[in-house]
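I have placed the structure first, in the form of structure tokens, so that the comments after it can refer back to it.
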Amino acid sequence: MSEPPTTAQDVTRPLTEPVPPADGLRRVVSAVLGDLRTVDGALYAAVAATPTPTLDRALRRLSHTADHSKISFAIAGALALAGSRPRRAALAGVGAIAVASASANLLGKRLVRRDRPDREAARVTVDRHVPMPTSASFPSGHTASAVAFATAVGTVVPAASVPLGALAGAVGYSRIHTGVHYPGDVAAGAVLGIASAATALAVASARFPASYRRR
């Protein structure tokens, strides 16, 4: 029996097909994202499993009060009555909230569409519960707005940066503590908040250069 003839194509064909660089990169990115999701879920579960009865009520109230940036708007109102520079800081802060809210809710949540955590499966105690939002989980809009306000105001009035930064951090953590966000959602919200503040300050500086010039 004669063997089939060997063609030039058969001779030059590699024994194993090489993986295209784009496919290899996608696999690496997919693996990294999978690991990050695992860490994210583990951190969420760890917070849920840690009993903190003293903090539960306070963080639940803070999370609820931060709805619709009520805390930031109240602070902005107080700043508006404190002089010209605090008034400019308040305007920059409100502008930063607007950018952060639009970016988180109209862009981020619609692009990523991450499901909210399963609070019951994680056994988050009922004492921590706030209403579970119906919107997507990523990124945290509460965190984005709080960080945007703190960053913008703190840039114009540096003395306010530490207390407002601490408040923004507490708001972000409260969203994890109450079980409505993963830590990764909050981290992404913080990054978005900083970028939103930078955008709002850039617009304010271009529009009112004498008022928002850097010291």
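Below is a table of values for the structure above.
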{"item": "Choice from Ala188, Ala82, Ala100 with maximal GNM fluctuation in the chain (Cα, 10 Å cutoff)", "result": "Ala82"}
{"item": "Rounded to the nearest 10 Å², the accessible area of Thr178 at probe 1.4 Å", "result": "0 Å²"}
{"item": "Percent RCO, i.e. relative contact order, over the stretch 83-215, from Cα pairs under 8 Å lying at least 6 residues apart", "result": "36 percent"}
{"item": "Principal-axis tilt of helix 161-177 within the chain, Cα atoms, nearest 10 degrees", "result": "50 degrees"}
{"item": "Point-charge dipole on Cβ atoms (K/R +1, D/E -1) for the stretch 52-116, about Cα centre, debye to 20", "result": "100 debye"}
{"item": "Simple Cβ-charge dipole of the chain, Lys/Arg +1 and Asp/Glu -1, about Cα centre, in debye nearest 20", "result": "1340 debye"}
{"item": "The chain: most fluctuating residue of Ala49, Ala98, Ala198 per GNM, C-alpha cutoff 10 Å", "result": "Ala49"}
{"item": "Solvent-accessible surface (1.4 angstrom probe) belonging to Ile194, in square angstrom, nearest 10", "result": "90 Å²"}
{"item": "Probe 1.4 Å - accessible area at Leu81, Å² to nearest ten", "result": "150 Å²"}
{"item": "Sites Arg207 and Leu111, calculated FRET efficiency, Cβ-Cβ separation with R0 25 Å, nearest 0.05", "result": "0.30"}
{"item": "Calculated P(r) of the stretch 119-192 - Cα pairs past 19 Å, %", "result": "37 percent"}
{"item": "Where Ser205, Ser196 fall by accessible area, highest first, once all protein chains stay in place (1.4 Å)", "result": "Ser205, Ser196"}
{"item": "Signed unit charges on C-beta, dipole axis of the stretch 59-114, positive-most listed residue Asn105, Ile71, Gly95", "result": "Asn105"}
{"item": "Gaussian network model of the chain, springs between alpha carbon atoms under 10 Å - residue of Val47, Val147, Val203 with greatest fluctuation", "result": "Val203"}
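The values are calculated or read from the model by the stated rules, or taken from the named source; none is laboratory data. Computed from a prediction, not measured in an experiment: that's the story for all the values here. In this analysis, Cβ positions are derived from the backbone assuming ideal geometry, glycine residues included, and neighbour counts consider all displayed protein chains. All accessible areas refer to the heavy atoms of the entire protein, side chains included, with ligands and DNA or RNA removed. Shrake-Rupley method; radii C 1.70, N 1.55, O 1.52, S 1.80 Å.
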